[in-house]
Amino acid sequence: MERAAHALREGKAVAVKSGREIVIVYAVETMSDAKLSAARKAVKHLRLVLTHARAHTLKIRLYTPDVVALPIDAKDRVQKLRAIADPTDDMAEPMKGPFEAERAKLPAGFAAGIKLAKLSGLLPAIVAGRVSNVENSVAAITAKDIADYENEAAKTLKIVTRARVPLEGAANTELVAFRSADGGPEHYAIVVNAPSTATPVLARLHSECFTGDLLGSLKCDCGPQLRGAIDAIAKNGGGVLLYLAQEGRGIGLINKLRAYRLQDQGFDTLEANERLGFEADERLYGIAAKMLKLLGYKSVRLMTNNPDKVSSLEKYGVTVAERVQHAFPTNAHNAGYIATKARAGHLF
């Protein structure tokens, strides 16, 4: 999985296999014209593959589940494909289409390739097509391995190390590091006052936010939520904060910055994610549930305004004994963001 993701990020081809079917995949974001030219020679019917979310923005009629596939003209260059895939160019190039999507059943590798692009932190748009064989030097992965990635990452998650890290207002704190066997990003738990595992532990699931947590960005409420949670946990006598590598609701920092550009154009955070081709929230919480279990906690009092976190944890076998409200005052820069969260079902 890591090898395939690295290849996409480098602009190289990845072979996605499903049974006897092989699909060659390139990420639109990192592909070059030279690679596109070579792909045309190797693949008979080359397609630009997009998510339904991006297709909705481009007013493409949906005939196939999960993704849509558009024919690539022999004269098309990568810049044109990027302009279709990247919504930050929509204002500069508004006259796109009309598009006629494929109606026939698509290879499994098309949807799997889109998910691989997402997991690689890239725009969810690929150039893909069926091939009969590939060279051994091409990174290869099965569609099933891509589909099972999150579950396998949670299944193989282990505690790597733990150390005492005194924090301001929470001196008796331990930082616990977790890593999966796939070599993916590490996740961390901030354990304050070593709370008992016999009763529901006060817990917060916090997705990392470089701009909010580290830089103090005013566009979101992540920084106050992080520091406020640690403070509340300490005043409660103890608890756990899980710091999850899920930047930008699971779309990654670069795509989050793209979403910010779209917000500056007048779109709210949910609309921006859709225009990029993502779901409103791409996060999954199997990793969080496994972290809690490895720490010995089977039941939590969950600090959240998001009902989806409650149902997601319970789906993975962690009992949520209580939802504890966790909200902070808005400012001039994030009032719209918080209002959008409320419209999406967050409870303030």
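The values are calculated or read from the model by the stated rules, or taken from the named source; none is laboratory data. Please read all numbers here as calculations on a predicted model, not as lab measurements. Note: ideal-geometry Cβ built from the backbone for every residue, glycine included; neighbour counts use all protein chains shown.
Every residue, every condition in (1) touching a strand residue (DSSP E or B) at 6+ places or on another chain (Cβ under 6 Å); (2) within 18 Å of residue 220 (Cβ to Cβ); (3) outside any helix (DSSP H, G or I); (4) touching a residue at least 40 places away in the same chain (Cβ under 8 Å), yes or no:
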{"residue": "313", "(1), (2), (3), (4)": "yes, no, no, yes"}
{"residue": "323", "(1), (2), (3), (4)": "yes, no, yes, no"}
{"residue": "326", "(1), (2), (3), (4)": "yes, yes, yes, yes"}
{"residue": "338", "(1), (2), (3), (4)": "no, yes, no, yes"}
{"residue": "346", "(1), (2), (3), (4)": "no, yes, yes, yes"}
For the stretch 234-267 the number of residues that are within 18 Å of the chain's Cα centre (by Cα), part of a loop (DSSP other than H, G, I, E, B) and surrounded by fewer than 18 Cβ atoms within 10 Å (Cβ to Cβ) is 1
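Going by what's in this entry, would residue 297 be described as modelled with pLDDT of 95 or more and of a type in the set (Phe, Trp, Tyr)? Even if it seems obvious, please write down each step before you answer.
Numbers: modelled with pLDDT of 95 or more: yes; of a type in the set (Phe, Trp, Tyr): yes.
Spelling it out, residue 297 is indeed modelled with pLDDT of 95 or more and of a type in the set (Phe, Trp, Tyr).
Picking from 170, 189, which residue would you name as being surrounded by fewer than 21 Cβ atoms within 10 Å (Cβ to Cβ) and either modelled with pLDDT of 95 or more or touching a His at 6+ places or on another chain (Cβ under 6 Å) (or both)?
Numbers: 189 fails: surrounded by fewer than 21 Cβ atoms within 10 Å (Cβ to Cβ).
Answer to the check: 170.
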Examine the stretch 58-67 for a residue that is surrounded by 15 or more Cβ atoms within 10 Å (Cβ to Cβ), in contact (Cβ under 8 Å) with a residue 40 or more places away in the chain and part of a strand (DSSP E or B), and state whether such a residue exists. yes
So if I check each of 194, 140, 154, 203, which one is among the hydrophobic types (A, V, I, L, M, F, W, C), under 30 Å from residue 303 (Cα atoms), in contact (Cβ under 8 Å) with a residue 12 or more places away in the chain and assigned to a strand (DSSP E or B)? 203
Verdict on residue 293 being surrounded by fewer than 17 Cβ atoms within 10 Å (Cβ to Cβ), touching a residue at least 12 places away in the same chain (Cβ under 8 Å), out of contact with any Cys (no Cβ under 9 Å at 6 or more places or on another chain) and not assigned by TED's automatic domain parsing to the domain that holds residue 125: yes
Yes/no for residue 23 being surrounded by 23 or more Cβ atoms within 10 Å (Cβ to Cβ), under 23 Å from residue 132 (Cα atoms), at pLDDT 95 or above and more than 22 Å from the chain's Cα centre (by Cα): yes
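In the stretch 105-138, which residue that is small (Gly, Ala, Ser) and out of contact with any strand residue (DSSP E or B) (no Cβ under 9 Å at 6 or more places or on another chain) is nearest to residue 283 (Cα to Cα)? Walk me through it before giving the result.
Restricting attention to the stretch 105-138, the residues satisfying the condition of being small (Gly, Ala, Ser) are 108-109, 111-113, 117, 120-121, 125, 128-129, 132, 137.
If we keep only those that are out of contact with any strand residue (DSSP E or B) (no Cβ under 9 Å at 6 or more places or on another chain) too, we end up with 121, 137.
Numbers: 121: 13, 137: 32 Å.
Once the filter is applied, the top-ranked residue is 121.
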Tell me which residues, restricted to the stretch 26-50, are assigned to a loop (DSSP other than H, G, I, E, B) and either closer than 15 Å to residue 68 by Cα or not hydroxyl-bearing (Ser, Thr, Tyr) (or both). 28, 29, 31, 43, 44, 45, 46
Any idea which of (1) small (Gly, Ala, Ser); (2) surrounded by 21 or more Cβ atoms within 10 Å (Cβ to Cβ); (3) farther than 23 Å from residue 63 by Cα is the one residue 163 doesn't satisfy? (2)
Looking only at residues in the stretch 75-129 that are basic (Lys, Arg) and over 19 Å from residue 29 (Cβ atoms), which one is farthest from the chain's Cα centre (by Cα)? 75
